[in-house]
1. List the strands (runs of 3 or more DSSP E) inside segment 70-173, counting only whole elements, that have at least 2 residues being surrounded by fewer than 17 Cβ atoms within 10 Å (Cβ to Cβ) and either more than 18 Å from the chain's Cα centre (by Cα) or among the small types (Gly, Ala, Ser) (or both).
2. Being charged (D, E, K, R), within 30 Å of residue 16 (Cβ to Cβ) and at pLDDT below 95 narrows it down to one residue among 126, 137; which is it?
3. Which one is farthest from residue 232 (Cα to Cα), of the residues in segment 46-69 that are assigned to a loop (DSSP other than H, G, I, E, B) and of a type in the set (Ser, Thr, Tyr)?
4. From the list 200, 207, which one is modelled with pLDDT of 70 or more, over 11 Å from residue 69 (Cβ atoms), part of a loop (DSSP other than H, G, I, E, B) and of a type outside the set (Phe, Trp, Tyr)?
5. For segment 18-45, give me each residue that is over 18 Å from residue 61 (Cβ atoms) and part of a loop (DSSP other than H, G, I, E, B).
6. Go through (1) closer than 30 Å to residue 150 by Cα; (2) modelled with pLDDT under 95 for residue 67 and report which single condition fails.
7. Just to be sure I understand, how many residues within segment 174-192 are outside any strand (DSSP E or B) and either in contact with a strand residue (DSSP E or B) (Cβ under 8 Å, 6 or more places away or on another chain) or of a type outside the set (Val, Ile, Thr) (or both)?
8. Would it be correct to say that residue 95 is in contact (Cβ under 8 Å) with a residue 40 or more places away in the chain, more than 30 Å from residue 234 (Cβ to Cβ) and not hydrophobic (A, V, I, L, M, F, W, C)?
Amino acid sequence: MTAPFRFPRFFVTNPSPCPYLPGRSERKVFTELNGDNAAELNDALGRIGFRRSQNVAYRPSCADCSACVSVRVVTDEFRPNATQRKLIRRNSDLTVTACKPWSTEEQYALLQRYLSARHPGGGMTEMDEMDFADMVEQTPVDSHVVEYREPGVDGRVGKLVGACLTDRQGDGLSMIYSFFDTELDNRPGLGNFIIMDHILRAAAAGLPYVYLGYWVDGSARMQYKVRYRPLEKLSRAGWVRFDPDEQDQAIRHVAQRDEPPLPIELASMFRK
């Protein structure tokens, strides 16, 4: 009798400087996603805190540090507050399309403008079109590029103002990376809108969670993820709700930014 699939082999990266907490180092444990059961393996690993980059699933495995915490939003209980409702109304005219994971010149140009404005000097600024194509297209799971476009004129397709590489897992949506036009004065907070749009769409599809990656305790740049309620975090006891007082305190420390910063996972994966 043969097993339905081979148990994955896991590897550990060498330590490297942590991009979020000065003076610390980061290390990851990872495995390859391939074969007929890649999607099932990705789903299982996602439930225990792994993230995907191309055909690799990984999670932090740092000595003497556990600041990176996996977080997810419970979609059917999400109720936007007044500020979030205003943001949703402001962007309700956008056309949202879940496209097949095929990179385009338009997406790459938008990414380059976004990185130049928000993350100059970051590792991803060195990506060329082939790197971007690999990021989008090398996926063994159910992935889409969710595009956000302004209304078209005279039958023409509207301007691309935002995009998000998104995986559909068995229990929710996993937001891999989002980017958007930073020069639209009439659309502040577009990055936050993209997150809320994913939450609302997941709820409408009956998917219980939206996975936001890692919340890094102590890093102001990663505090934006605690804006969404109810929020669960992965602990040694499994997934647990944020304590309301803890989340209130974390929200008070949110940096005054309008968009998610470069995720720790992609920042290191594309560092050359």
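1. It comes to 95-99.
2. 126
3. So the residue we want is 61.
4. On the way: 200 fails: part of a loop (DSSP other than H, G, I, E, B).
Step by step, each of 200, 207 is checked, and only 207 is modelled with pLDDT of 70 or more, over 11 Å from residue 69 (Cβ atoms), part of a loop (DSSP other than H, G, I, E, B) and of a type outside the set (Phe, Trp, Tyr).
5. 22, 23, 34, 35, 36, 37
6. Residue 67 satisfies every listed condition except (1).
7. Residues of segment 174-192 that are outside any strand (DSSP E or B), as a first pass: 181-192.
Subsequent filtering for residues that are either in contact with a strand residue (DSSP E or B) (Cβ under 8 Å, 6 or more places away or on another chain) or of a type outside the set (Val, Ile, Thr) (or both) retains 181, 183-192.
Total satisfying the criteria: 11.
8. On the way: in contact (Cβ under 8 Å) with a residue 40 or more places away in the chain: yes; more than 30 Å from residue 234 (Cβ to Cβ): yes; not hydrophobic (A, V, I, L, M, F, W, C): yes.
When the stated conditions are applied, residue 95 passes them.
The values are calculated or read from the model by the stated rules, or taken from the named source; none is laboratory data. As the structure is a prediction and not an experimental result, all values here were calculated from the model. Note: ideal-geometry Cβ built from the backbone for every residue, glycine included; neighbour counts use all protein chains shown.
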